[in-house]
Each structure stands twice: as C-alpha cells, then as structure tokens.
Amino acid sequence: MVMELFRGLWTTLQEFVQTNLRGPVTYPYPEVKRPLRVRFKGVHELRRYSNGLERCIGCALCAAACPADAIYVEAGENTDEERYSPGERYAKVYEINLLRCIFCGYCEDACPTNAIVLTDKIPPAGYTRESFIVTKAQLLVPPPPGVPGTPQRTTDPSLRTRSIWEEGLVNEPI
Amino acid sequence: MVPFLVEAIIKSAILVLLLLTGFAYLTLAERKLVADFQARIGPNRAGPYGLLQPLADAVKLFFKEDFIPEYADRALFVLAPLITLIPAILIFAVIPFGPELTLFGYRTRLQLTDVNVGVLYIVAITSISVYGITLAGWASNNKYALLGGIRASAQMISYELAMGLAIVSVVLTTGTLQVSGIVEAQRNGWLLFLQPLAAIIFFITGLAEIKRAPFDLVEAEQELTAGYLTEYSSMKFALFFMAEYVKMIGFSALMTTFFLGGYLGPFVDHYPALGVVYFTLKVALLIFLMIWIRATLPRIRYDQLMALGWKVLLPLSLANVMGTAVVVALTA
Ligand code: SF4
Ligand code: SF4
C-alpha cells in the first residue's frame, strides 16, 4: 500500500513538471480558441449564389428534418420586381432557436439547394433566451463583393427558363 | 514592563498581518498548484496571473448574505468559527521564526514569547480548535453538519494521541519543553534524521489534525455536502476557511520547528536574518508537500481512518517513545 502511495505521488509530480514545462492542456477560452476540425458542426449560416440571390427557397424541408424542432420557416412569393431567390418562393422569416438545436446537421442534409450550412464557428453565449433565436438577417451571409444583395429586379424575365439558379443570369438591384 | 508590552504588541500585529496575507495567498497558491498538478491553467482572471483573486474572493464573501438557520443555536453558531480560528492563530505565539537579532539597535528574538513549556502550550492549544468544529456541527441543527462535527471529534481524538506521543519523543530526545530549545538542540542534525519514525507519524497525524486530504472526512463533499460548514455563509464561512489555512501554515511551522531544524541553516550565525528565509522556505516546502498530497491521494474511508489511527500509528508511536526513552536513559 505504501508503494502505491509513492507511485501516485510520482505520477502527479510528473504531471506537475510537464504542466510547468509545456504549459497546461486547457485554453484561456475567450482569448485563445481551441482549433476546430474543418467539419466541426457549429452555428448555421444561410448561403447565397454568386450573383447575390439567396439559395433558400423557403421549402421548410430543413424544419421538417430537424429532430429538435429548432427551425421556423415562413415562405413568401418572389416576383420579378422583387426577387430574393431564383425560385417561386423565398424564406420571408427564417429563425433557428440555438437553445433547441443539437447541431446534428440534418437541416444541412435536407436542404435541396445547399442554403443552410453549419459553419465551424462556436455559437455565441447570451444573457436572455431571446438572444439565442437567430433570425434570417443574422444567418444570411453578405453577398460576394461587387454583387448586389437581395431583393433584386429580374432584368429580362424572358431569359429565365428554369426556376432554379442558372449560371450567367444577372439581375440588377432595386 | 512597558517596553516588553510595546514589543509584544508590535510583534503580534506583524504576525497577524503576515498570517492574514499568508492565508489569502495560500488559497491562491493552492488553487494554482492543484491546477498545475491537473494540467489546467487555474485562476487567471483577477489581475495579472490571478494575483488579485484573494481580494476578489474576500469582496465576494463580504457581500454574501450572512445567514443563520432558523433552528440553529444562535450563540454557539456565531461562536464556533471564532473558537476554531483563534487557537489556530495562537499557536504562532511560541514559534521562533528566526534567531535573536538586532533590529534598529534593539536586540530581539523573532518569536512572540519564549514560554519555557512551549510544547505543552502547543499541544493544549491545538486541541481547542476541534471544539469549534464540533460545536459548529451541533449548533447548525443540520444532520450533515452534525455528522461532520462528530467525525471531527472522533478523528481528533484518535490522531491527537499518536501526535502527542510523537512530540513526546521529540521532547525526550532534546530534553526540553522550550520551543527555541528544541530548535537549538538541532544544531548538530535535524530531528528528522534522529527521529524519522516520529517525523512521519507527526506528519500523518498532522494532516489528519488539520483535516487535509486524504483525511478530509470532516467535510467530505460527496458524503456530507460540506460537513460542519454546510450552514455557514459569508464571513463566518470565511473564518472557518481562514482557520483551515492558518492551521496549514501553523502545522508546517511546527513540523519545521520540531523536525526540520526550524530557522537553522548554513551561515545563520553570521547573518541572523537568513534564519527567516530558511524558516519560510521549509514551511513553503511542507505546504507544497501537503498540496501535492491533496492533488494525488483519494480520501480514505472512515473505518480505514480509525484503523490507521488506533491500530497502526498509536502502537508505532508508543514503541518509538519506548525506544527513545531507553536510548536516552542509556546514553545519559
Ligand atoms: S443542426 Fe439539427 S437540430 Fe440544429 S437546426 Fe439543423 S436539424 Fe435542427
Ligand atoms: S434552408 Fe433549405 S431546406 Fe430550409 S427552407 Fe431553405 S431551401 Fe428549404
């Protein structure tokens, strides 16, 4: 028994020396963030096409797939004058409750247009429950540089042959 | 008479001040060291390297509600922390921190008072402390607190015997009850080497006496919530906490004085101030050892604690006293 006592003390002493030589294994969190794997599933974002239109078509498949019932989608109709996404409809309201979300990534899998994507960012902390409901304005990424955001006006509606994204189709801002 | 009083007051003021800062920074040191043992960072938010953490803790404790349970015995409940803390501080009155030296043309000993039965005084005072803990457990009117208090008294009784006998071997070897005499008797070699068994027994029983891991059954969080501390909050809790750490320093100081040659060390006779440095270093080393043990060993079971005290340590210390007595009688 006495031998074991000293073995234990020896083990912790080694740990002590290592911590002092190589530093601790933990991180001082807000200042130093732990490097995450590229496929880490963090907070979501809603992506855009390269011409600035939103990918989300308001189909609510993500909401249906979500096991935690964390997504709320309300669809609106696109018009040629006021166009948000290439299809008929767009997400007028898009909210995710990060307190419910379990970061499973099922929404990502369910989305037909790759609009909703989990990034490798850690969800922010907050002081109220409301602050954990992220809205479309917070989720939507900014348009690529030099490209107008949404809504846009369809320059020539006759050019549009399909209701999804077509390469080279340019709209103008309104 | 008057110079003596002034000297005593100045010395005790310095001593209490030192102890209070020592206590505050010992809490930080313990947390930092345990963090090192566990490969963590430890407290680092309050000030550079967390150096202001003790201040932050103190402010926090001041502003906590000072709660007394409705069915508690109010008088005893308030008295208990004091009964625990005061003896812990009183011990330092007889501990020599350094040899005699001249300060501003005034020759003085770095010791509050050199009672000629200092060892007896120490043994007497240390036993008072446990009353505070038992009373705290009783006065709280809480079953966890009461269990903690009962454990404390049982633990103290079984360990004080062996500890007392270890001290008896020290007294037998040095032939004096005066604390400074014990230190001076170690000029030719520390008692640690003359009385290794007594030193080990003293250290183990000391750990049990001040309720450090692995003998912290009195407040065993997993079994007793916080033991006798359960109902205490705010400054009363702080007093218990202070008592605990002051006892830790006090025990290290005793161990240093009895077995590690106190303030003695190379060149102490030429530069008496070095004695304080040696003393502090030895105390710090012992405190590190205690923290190291806390970071390593799991708490032992209650029956194991009792068995260790009564069946191992007590017979060993008795045998040690007998052996010492025989050797001293033969060589005298
Ligand atoms: S990651 Fe999972 S839980 Fe979170 S919103 Fe998507 S589907 Fe729902
Ligand atoms: S994010 Fe994808 S799945 Fe969800 S509503 Fe938009 S298009 Fe549909």
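The values are calculated or read from the model by the stated rules, or taken from the named source; none is laboratory data. This structure is a prediction, so every number in the text was calculated from the model and none was measured. Note that each Cβ is placed from the backbone with ideal geometry, even for glycine, and that neighbours are counted across all protein chains shown. Accessible surface is based on the protein model in full, side chains and every heavy atom, while ligands, DNA and RNA are left aside. Shrake-Rupley method; radii C 1.70, N 1.55, O 1.52, S 1.80 Å.
Normalised size of the stretch B:67-331, defined as Cα radius of gyration per 2.2 N^0.38 Å with N residues, equals 1.05. In this label model, B:ALA39 and B:LYS60 are separated by 2.6 nm, measuring between points 7 Å along each Cα→Cβ vector.
Length available on full extension from B:LEU17 to B:ARG187: 0.36 nm per residue minus the Cα-Cα distance, which gives 58.2 nm. Here's how it looks for B:GLY98: its modeled amide H is under 5 Å from those of B:LEU110, which are all 5 or more places away or on a different chain. With both labels modelled 7 Å from their Cα along Cα-to-Cβ, the A:THR135 to A:GLN18 distance reads 5.0 nm. Spin-label pair A:ALA64-A:GLU77: with each label point 7 Å from Cα along the Cα-Cβ axis, the two points sit 2.2 nm from one another. Legend: residue pairs B:LYS143/B:LYS282; B:LYS32/B:LYS236; B:LYS247/B:LYS311; A:LYS41/B:LYS32, Cα-Cα distance threshold 32 Å; pairs beyond threshold, B:LYS143/B:LYS282; A:LYS41/B:LYS32.
The share of accessible area on the stretch B:67-331 that comes from carbon and sulfur is 72 percent, using a 1.4 angstrom probe.
Partners of A:LYS33 within straight-line reach, counting aspartates and glutamates whose Cα lies under 18 Å from its Cα and excluding those fewer than 8 residues away in the same chain: A:ASP120. Summing Cβ point charges (Lys, Arg +1; Asp, Glu -1) relative to the Cα centre of the stretch A:44-144 gives a dipole of roughly 260 debye.
Taking 4.7 Å between beta carbons as the limit, the unpaired Cys residues of the protein assembly as shown are A:CYS56, A:CYS59, A:CYS66, A:CYS101, A:CYS104, A:CYS111.
A 1.4 Å probe, protein heavy atoms only, puts the accessible area of A:CYS111 near 20 Å². Would you mind checking the stretch B:36-70 for residues with the amide N under 12 Å from a putative spin-label position 7 Å along Cα→C-beta of B:ASN141? Zone members listed by number: B:68-70.
What the Cβ-Cβ distance of B:ARG301 and B:GLU70 gives, at R0 = 41 Å and to the nearest 0.05, is a FRET efficiency of 0.75. The residues of the stretch B:123-270 expose, per residue, 35 Å² of accessible area to a 1.4 Å probe. By a 1.4 Å probe calculation restricted to protein chains, B:ARG151 has an accessible surface near 40 Å², given to the nearest 10. Based on the alpha-carbon gyration tensor of the stretch B:1-137 and its eigenvalue square roots a ≥ b ≥ c, which shape applies: rounded if a/c is under 1.5, prolate if not and a/b is larger than b/c, or oblate? It comes out oblate by the Cα gyration axes. By the helix-only formula, in which each DSSP H run with n ≥ 4 contributes -39500 (n - 2.57) and the sum is divided by residues, the protein assembly as shown has a 222 nm mean residue ellipticity of -16500 deg cm²/dmol.
Give the Kirkwood hydrodynamic radius (Å, one decimal) of chain A, defined as one over the mean of 1/r across all pairs of different Cα atoms. One over the average 1/r among Cα pairs gives 19.2 Å for chain A.
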